[in-house]
Amino acid sequence: TPIALSDRIHPGEWLGMLGGGQLGRMFCHEAQKLGYKVVVLDPSGNSPAGMVAERHMAAAYDDIVALKELAASTPAVTTEFENVPASSLKQLSASCRVTPGAAAVAVVQDRIAEKAFISAQDIPVAPYCEVRDVSDLEQAQDALFPGILKVARLGYDGKGQQRVSSRAEAIEAFRTFGQIPCVLEAMLPLDYEISVVMARAISGETAIFPIGINTHENGILASTVVAEGLVKEDLAKQAREAALRIAEGLNYQGVMCVEFFVLSDGRLIANEIAPRPHNSGHYTMDACVTSQFEQQVRVMTGMPLGATDLLTPVVMLNILGDCWFNGNASHAREPQWHDILAIPGVSLHLYGKDEPRPGRKVGHINVVGTTIEQAKERARDVIRKMG
Ligand code: ADP
Ligand code: MG
């Protein structure tokens, strides 16, 4: 039987992580800092998290025997990958604490269910329609064009989505995706993007990290900037309230992120929910006492949530595999880490990925400064030295 809600899991015990990517790796580091041991379940042999965990189980996320063994080896399991089958979370929850739970993850991992859920909380989303076959696109309102067709499941970092200027293009894109369920969203005039990274404990207690401004390039997060007063308080308040409503509505337990668009007319639109720590929360590792990964550990162990105050202005820069190529696709060369680490305020995080492929997230750099201007100037220096 799963452990009681009130039970705490103490340092020295095992924690389970589904997924072996960089989010799992940073979770391992933070769990280990607190004295826990981590068992990672991930199908690949040399995953970023599998390499640093005390134990790695190489198995598929729906391997019933492996899940049974995982449940027997730890009192609590969390995830870093929203596409773990909800049925696997359900199986685990028969004998251990699973945060976030299967029901919440099931909503969030399907854009159709996710959009319907967010709308039902009276939170605005982009105008959209569900697309299950070509006729849905034939009947879609004109107002949805130009738009973006997104696959309902398994999309990430701009993958599984296509900008479409017309109905005909949307139908073509839908066919290219293999006519799997999709949503068609109207293309919105974005002023900028923000995200709310927060934690909700088993007790229902919540803690929200400061809101960052995100910049994307080619559908992939490029940077997050966080400083006191950067996001106007009325907008920040709206975003925090929406995120809290979403967390309550899902009876969510764990760390989650809600991405928002701020439109050119100032309106706030919820884009998507991530049921895990988020790339836009990486700044917390160097700019808050408690990082988003430590917060994830605190939730699953039943420990009190940590402080979320911003200690310093910060710019987070993602490092993509592209930095190894710089215009020469056939010749990879290591970025000049020595020069980058020479810049004051720089904290480098690399994920130990086996290969720096273009478009692949391989690390990030947090740049702090006394003022946001100083942090930004240092970040520009980093970008110049990245080549
Ligand atoms: P992913 O799962 O790949 O993060 P998102 O739905 O968040 O997918 O889309 C990635 C990025 O594409 C967004 O952060 C935003 O910059 C852009 N985008 C997505 N949907 C829209 C939209 N309806 N209008 C304008 N830009 C959008
Ligand atoms: Mg997104």
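If the reach is capped at under 12 angstrom between alpha carbons, list the aspartates and glutamates near LYS361, excluding any in the same chain fewer than eight residues apart.
Here the aspartates and glutamates satisfying the reach criterion relative to LYS361 are ASP157, ASP322.
With each run of n ≥ 4 DSSP H residues scored as -39500 (n - 2.57), what mean residue ellipticity at 222 nm is computed for the chain after dividing by its residue count and rounding to the nearest 500 deg cm²/dmol?
Helices in the chain give a 222 nm mean residue ellipticity of -8500 deg cm²/dmol.
Out of all DSSP beta bridges with both ends in the chain, state the antiparallel percent to the nearest 5.
80
Going through the cross-link list LYS115/LYS376; LYS68/LYS159; LYS33/LYS115; LYS159/LYS353; LYS237/LYS353, which pairs have a Cα-Cα distance over 26 Å in this structure?
In this structure, LYS115/LYS376; LYS68/LYS159; LYS33/LYS115; LYS237/LYS353 lie more than 26 Å apart at Cα.
With the dipole of region 127-186 worked out from charges on the C-beta (+1 for Lys and Arg, -1 for Asp and Glu) around the Cα centre, which of GLY178, VAL164, VAL134 lies farthest toward the positive end?
Sorting the options by dipole projection puts first GLY178.
Kirkwood hydrodynamic radius, computed over distinct alpha-carbon pairs, for region 14-98: how many Å, to one decimal?
12.2
State the percent of C-alpha pairs, over all pairs in region 127-186, separated by a distance greater than 19 angstrom.
When all Cα pairs of region 127-186 are counted, 12 percent exceed 19 Å.
So, with +1 on the Cβ of K and R and -1 on the Cβ of D and E, and no other charges, what is the size of the charge dipole of region 14-98 about its Cα centre, to the nearest 20 debye?
240
Kindly provide the GluC sites (Glu not before Pro) of region 225-278 that DSSP labels as loop, not H, G, I, E or B, and whose Cβ sees at most 14 other Cβ atoms within 10 Å.
Numbers: sites: GLU228, GLU233, GLU241, GLU248, GLU259, GLU272; in loops: GLU228.
The qualifying sites are GLU228.
Values quoted throughout were computed directly from the atomic coordinates according to the rules given, and no laboratory measurement underlies them. Values in this document were obtained by computation on a predicted structure and should not be read as measured data. No Cβ is skipped: glycine too gets one built from the backbone with ideal geometry, and neighbour counts run over all protein chains shown.
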